[in-house]
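The values are calculated or read from the model by the stated rules, or taken from the named source; none is laboratory data. Note that the structure is predicted; figures quoted are calculated from it, not measured. Note that we place each Cβ from the backbone using ideal geometry, even for glycine, and neighbour counts take in every protein chain shown. Heads up: the accessible areas ignore ligands, DNA and RNA and are worked out on the full protein's heavy atoms, side chains in. Shrake-Rupley method; radii C 1.70, N 1.55, O 1.52, S 1.80 Å.
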Amino acid sequence: MEENYTSTNLLAKLAGFILAWRWPLMVAVLFLTVFFLNEMRGLKMDNSNEAFFVEEDRTLATYHRFHDTFGNDEFVYILFETEDFFQPETVKLIATLATDLEENVPYVKEVKSLCNVEYIEGVEGGIEIYDLMEELPRTPQQMEIIRKKALAEPLYLNNLISPDGRTAAILLELEPYPGDKVDARRTIAPVVREILARPQYASLEYYTVGTPIINYDIQAVTAKETPLFMLICIVLEMLILFWTIRRVRGVIAPIIVVILSVFWTLGMVGIMGWTLNMMVIIIPTLLIAVGIGNSMHVVAEFQDQQQRGLGRKEAITNTLTIVGLPCLLTTLTTAAAFLSFLATAIKPIREMGAYAAIGVITALVLLLIVVPVFFSFGKDRKKAMSKNTTLNRNDLFDRILGWIALINIKHPRAILGIFFVLIVFWHILKSYFF
């Protein structure tokens, strides 16, 4: 009883502090938001293979030794669909393209295609090494000789040319990246695509693959879809809030909380110098779910307090003393659950756990500042009922929650028994099928 009184007293003091210093607190929130937005500018996406391993992982150490010995293992592979590669105009066009790629794409070590590859031929007394196409074939007879040699060489077949001679390829081998691999890697794909988009290569039907291309595309998709999913979630949440609360202020305040929590979280990630990965797309929707949930508790309780006839400041104080501790406990348990991800050896999941834990705590801090301040402005309502009057609600949500509460009170042992049976059944099912 004493502990409950102490926590209630502390929350009441917190409410009084927030109301007394509401303008300085809002200025501080605005200043910190600008600061975190500035820190977000340095965020980088890293979806490389190395990004999935923690620093102390032995596999990553072996991979680094491989790089030290053999150099960069990344490449860009461009496939071309043609009617027949062994046509003078096609060969000439591919040869010109290979030269353009070698001269313009950064970090290129070597460009290989049938137009510049070496051919090893056994001759009397040894071997002879020469370019497969020392010069571009000018006659059908010369082209037929090249075709036969290329399609008979296992090193070229299904690597630089398909067995039917219709699909050809250009392989770009890359130098080791100097400095930051993330920055270096993402400069390659735009140059490759810019060259392929030139008018002289418009007749080519091509497909580009390789680690720099895939990472660049994943980064582009993540950057595009993260704001999109966040916007969709915010719009849906606004509709739900307006349907349940039916007040503009009750919609705007929670939305501001979740948007600012996303900015603050990503800003803190930037301060810590971490890179982002594809898992970051989960963070905005997660913070929206957590932030809106806590905000709903505060807003709903504030409305109940007002309907009891309390003024704004007194209603806010009562609201924080009633729902402040539950919101704090749910936030801390949620953060602890996400911090358990730190035990995994998969780096993106580990970092996502840290992002999420920081985010839910940030959302609580903003909730305790923004929502009370928003609702502290305005005239007090006329007293509709005395303070001791019990609200008589009979809407759908109250009926459902009341029904659930009644079941919990009447049948606690049966509920525990059902959950115990389900847990045992799940473990048995998992042992057989997973």
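In this structure, Val257 does satisfy being under 21 Å from Ile361 (Cα atoms) and out of contact with any Phe, Trp or Tyr (no Cβ under 8 Å at 6 or more places or on another chain).
Do the conditions hold for Ser376, that is, is it of a type in the set (Ser, Thr, Tyr) and open to solvent by less than 20 Å² (accessible area, probe 1.4 Å)? In short, yes. Of everything listed in (1) under 15 Å from Phe80 (Cβ atoms); (2) outside any strand (DSSP E or B); (3) open to solvent by less than 80 Å² (accessible area, probe 1.4 Å); (4) at pLDDT 90 or above, the single unmet condition for Cys115 is (4).
Whenever a residue of region 279-304 is free of Cβ contacts under 8 Å to residues at least 60 places away in the same chain, its partners that are assigned to a helix (DSSP H, G or I) and of a type in the set (Phe, Trp, Tyr), lying with C-beta atoms within less than 8 angstrom and at least six residues away or across chains, give the pairs Ile281/Phe229; Pro284/Phe229; Thr285/Phe229. Within region 293-339, the set of residues being within 23 Å of Glu237 (Cβ to Cβ) and crowded, with 23+ Cβ neighbours inside 10 Å comprises Asn294, Ser295, Val298, Val299, Phe302, Ile316, Thr319, Leu320, Gly324. Screening region 108-164 for residues that are basic (Lys, Arg) and touching a strand residue (DSSP E or B) at 6+ places or on another chain (Cβ under 8 Å) and picking the one that is nearest to Thr187 (Cα to Cα) gives Lys109. Annotation note: of Ala51, Ala95, the sole residue that is hydrophobic (A, V, I, L, M, F, W, C), open to solvent by less than 70 Å² (accessible area, probe 1.4 Å) and under 30 Å from Gly270 (Cα atoms) is Ala51. Scanning region 252-294 for residues that are farther than 24 Å from Leu328 by Cβ and in contact with a helix residue (DSSP H, G or I) (Cβ under 8 Å, 6 or more places away or on another chain) returns Gly270, Ile271, Trp274, Thr275, Leu276, Asn277, Met278, Met279, Val280, Ile281.
To keep it simple, each residue is scored yes or no on (1) more than 28 Å from Ala20 (Cα to Cα); (2) among the hydrophobic types (A, V, I, L, M, F, W, C); (3) at pLDDT 80 or above.
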{"site": "Thr265", "(1), (2), (3)": "no, no, yes"}
{"site": "Thr275", "(1), (2), (3)": "yes, no, no"}
{"site": "Ile283", "(1), (2), (3)": "yes, yes, yes"}
{"site": "Leu286", "(1), (2), (3)": "yes, yes, yes"}
{"site": "His297", "(1), (2), (3)": "no, no, yes"}
{"site": "Glu314", "(1), (2), (3)": "no, no, yes"}
{"site": "Leu325", "(1), (2), (3)": "no, yes, yes"}
{"site": "Ala335", "(1), (2), (3)": "yes, yes, yes"}
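Whenever a residue of region 317-334 is free of Cβ contacts under 8 Å to residues at least 40 places away in the same chain, its partners that are among the hydrophobic types (A, V, I, L, M, F, W, C) and assigned to a helix (DSSP H, G or I), lying with C-beta atoms within less than 6 angstrom and at least six residues away or across chains, give the pairs Val323/Val298. Of the residues Val192, Val251, Val182, the single one that is in a helix (DSSP H, G or I), open to solvent by less than 40 Å² (accessible area, probe 1.4 Å) and either without any contact (Cβ under 8 Å) to a residue 24 or more places away in the chain or hydroxyl-bearing (Ser, Thr, Tyr) (or both) is Val251. Selection of region 33-80 for residues being of a type in the set (Asp, Glu) and assigned to a loop (DSSP other than H, G, I, E, B) yields Asp46, Glu55, Glu56, Asp57, Asp73, Glu74.
Within region 340-362, if we keep just the residues that are out of contact with any strand residue (DSSP E or B) (no Cβ under 7 Å at 6 or more places or on another chain) and of a type in the set (D, E, K, R), the residue that is surrounded by the most Cβ atoms within 10 Å (Cβ to Cβ) turns out to be Glu351.
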